[in-house]
1. Which of the lysines could be linked to B:Lys117 by a straight reach, that is with a Cα gap under 25 Å, when you skip same-chain ones fewer than 8 residues away?
2. With θ set to phi - 60°, apply the Karplus curve 6.51 cos²θ - 1.76 cosθ + 1.60 along segment B:174-190 and write out the HN-Hα couplings as whole Hz, x wherever there is a Gly or Pro.
3. Among the DSSP beta bridges whose two residues both lie in segment B:20-163, what percent are antiparallel, rounded to the nearest 5?
4. Find how many whole Å separate the alpha carbon centroid of segment A:239-293 from the alpha carbon centroid of segment B:228-274.
5. Can you give the % of DSSP beta bridges in segment B:102-245 that are antiparallel, to the nearest 5?
6. Nearest 5 percent is fine: what portion of the DSSP beta bridges confined to the protein assembly as shown is antiparallel?
7. Taking amide H positions as placed 1.01 Å from N in the peptide plane, with prolines and chain starts having none, which residues 5 or more places from B:Met253, or on another chain, fall under 5 Å of its amide H?
8. I want the local charge near A:Lys62. Using Cβ-Cβ distances under 10 Å, sum +1 for each Lys or Arg and -1 for each Asp or Glu among the other residues.
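The values are calculated or read from the model by the stated rules, or taken from the named source; none is laboratory data. Predicted model only: the values in this text are computed from it and were never measured. Here the Cβ positions follow ideal geometry from the backbone for every residue, glycine too, while neighbour counts run over all protein chains shown. Just so you know, the surface numbers come from the protein's heavy atoms only, side chains and all, with ligands and any DNA or RNA stripped out. Shrake-Rupley method; radii C 1.70, N 1.55, O 1.52, S 1.80 Å.
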Number of protein chains: 2
Amino acid sequence: MAAANFSCPIPIEQYPTVLLAHGGGGKLMQQLIGQMFAPAFATQGKSPNQHDSVALTIPNGKIAFTTDSYVIQPLFFPGGDIGSLAIHGTVNDLAMSGARPLYLSVSFILEEGLPMKTLWYVVQSMQRAARRAGVQIVTGDTKVVDRGKGDGIFINTSGVGVIEHDQAIAPHSVCSGDVIILSGDLGRHGIAIMAKREGLSFETTIKSDSAPVHEPVLAMLEAGVELHCLRDLTRGGLASALNEIAATAGVTMQIEEELISVPEDVQGACEILGLDPLYVANEGRFIAIAPFHCAEQAVQIMRRYDPKAECIGTVLGRSDRPLGRVTLQSRIGATRILDLLSGEQLPRIC
Amino acid sequence: MAAANFSCPIPIEQYPTVLLAHGGGGKLMQQLIGQMFAPAFATQGKSPNQHDSVALTIPNGKIAFTTDSYVIQPLFFPGGDIGSLAIHGTVNDLAMSGARPLYLSVSFILEEGLPMKTLWYVVQSMQRAARRAGVQIVTGDTKVVDRGKGDGIFINTSGVGVIEHDQAIAPHSVCSGDVIILSGDLGRHGIAIMAKREGLSFETTIKSDSAPVHEPVLAMLEAGVELHCLRDLTRGGLASALNEIAATAGVTMQIEEELISVPEDVQGACEILGLDPLYVANEGRFIAIAPFHCAEQAVQIMRRYDPKAECIGTVLGRSDRPLGRVTLQSRIGATRILDLLSGEQLPRIC
């Protein structure tokens, strides 16, 4: 937790921690919403709707809608915190439909006894992340659970974006000959969390890649790039994302290890921890699957936002076999199957 | 928990409880989503979007958007459970904008060790409630937290509805002379939860009023009834809802005790427990505030759905004083102030 410009709008001498009554519908809840959440999340002088639902106008009537709950531990980590993560993650889910992210809801499940200043730090981080991503927090909800029945802060953000394109960006659009483009290096979020959680230190501090990714996506769409599928590489990492798309599309895919960028310190940490970076979660990376004739233009646009963007493989063809759909060609030319993981690598990384 | 028609789609001999890996992004999460959530929440043969966001078409481009997290304890109670409550609550929040509820997202935060059959029961209840309310569950998310860091099941539902009217249904539209109409009797949800939680038994089993309320709202709008404000009477009950609206609108209000229906058993339980039914939470009740010339038509329409709907008071006039905005005239003619509560009456009732 970095030093914050700290002036908590709730008097912390009086309320050093969150109480059950902060979620009870009475004066304390009104104070928390009215003095902390509403001003922090206001945009253009307009506070989020404090009750029931908010009315919104959508330019062309075609929207993307998504939801994610964030339960990450620790709450603060190198490169981010649960607040910024909750904004980026939902912005990115909207972007994966090729939507322009517009509106978010924020719903807190707080544990009784949470330090008020921790909440305030998270709220400020959400405010900054929302501004940076150009989204408005328009409605919300606050619940408090008794001590020992939660874990500090859980956050749900749901999002609405507007779809301005007419493409069918979805796994079933993926077909033979398509090119798989990766937006940057892999593995930083998962390893940053693991290192912080386990108290491991490496030569360098590995920072999460948590960031919004809607800009390269919208830039590609505005340039007329044809996109067959987009997927952010969160839980389960690149390997799981490719497996899920391949299974839905009924295709096989091959990617090449030497084209996939893994930072040296992430690679080193993975070796120590016995992890495969292709399965480690990211929070600011995605793949775009585009037809061959658009791939070069796509990767050029993606490189404006991250020079490490790279074409890493291709869709080989249709297949109905349930296993072994995704293969990796290693640096020495050997081929291995990238399957879905049975268990869990890193719990609570988002 | 009532007897369910029990055939859990996850093999419970193998997975009797939820594991951390059910939220890990690998095979077990795929199984849980693919075999339990997706088929249960499918509508017209179409399963919810399992990844990222879902694309939706909105008829006229004007939507309502809302979010709520549900942390109720106990998970099962007379008249409902956390699953049906999570559907009704969010449907009702959309209805309070005068919107037609269309789409919901469902995000689970499950505690490791939760019996799989409990989850299945809740999922089935959500399925039934969504069908009854005519809404589609279109996208979702699943997280699992370690044992002792959650409380069985928390559910976030967010919702999108379409706004087909041109009215400004909001507290700032409320003005002098408006009539306050209550949709039914008060206090059943909060007392049902309290009785179950505390192991109290009364002569009759008090059932929660949890139910969707969009039908009377849409019927009023379709009949051309002018509505200035709608509000569901959840945490904090009728008294808190009126206080919040009066504060936002800058008006005073008076309601009459003898016009407010409180079931005899609820009244008795409130007396034993030292609670005021006007502050007890409901999950299927709302107030409509309408101009005088529309009030009779409004109450007639509301009575089609609940014969106990009644005009209970009026908006008196403008006021800038921060306290004492809402008063209650008692059966014997005395007047008392209904203020916002300082503390919390009933924690975790929704």
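1. The qualifying lysines are A:Lys149, B:Lys27, B:Lys46, B:Lys143, B:Lys149, B:Lys196, B:Lys207.
2. 5, 9, 3, x, 5, 9, 9, 10, 9, 7, x, 6, 10, x, 6, 5, x
3. 70
4. 55
5. 45
6. Within the protein assembly as shown, antiparallel bridges account for around 75 percent of the total.
7. It is B:Leu316, B:Val326, B:Thr327, by chain and number.
8. Around A:Lys62, the surrounding residues sum to -2.
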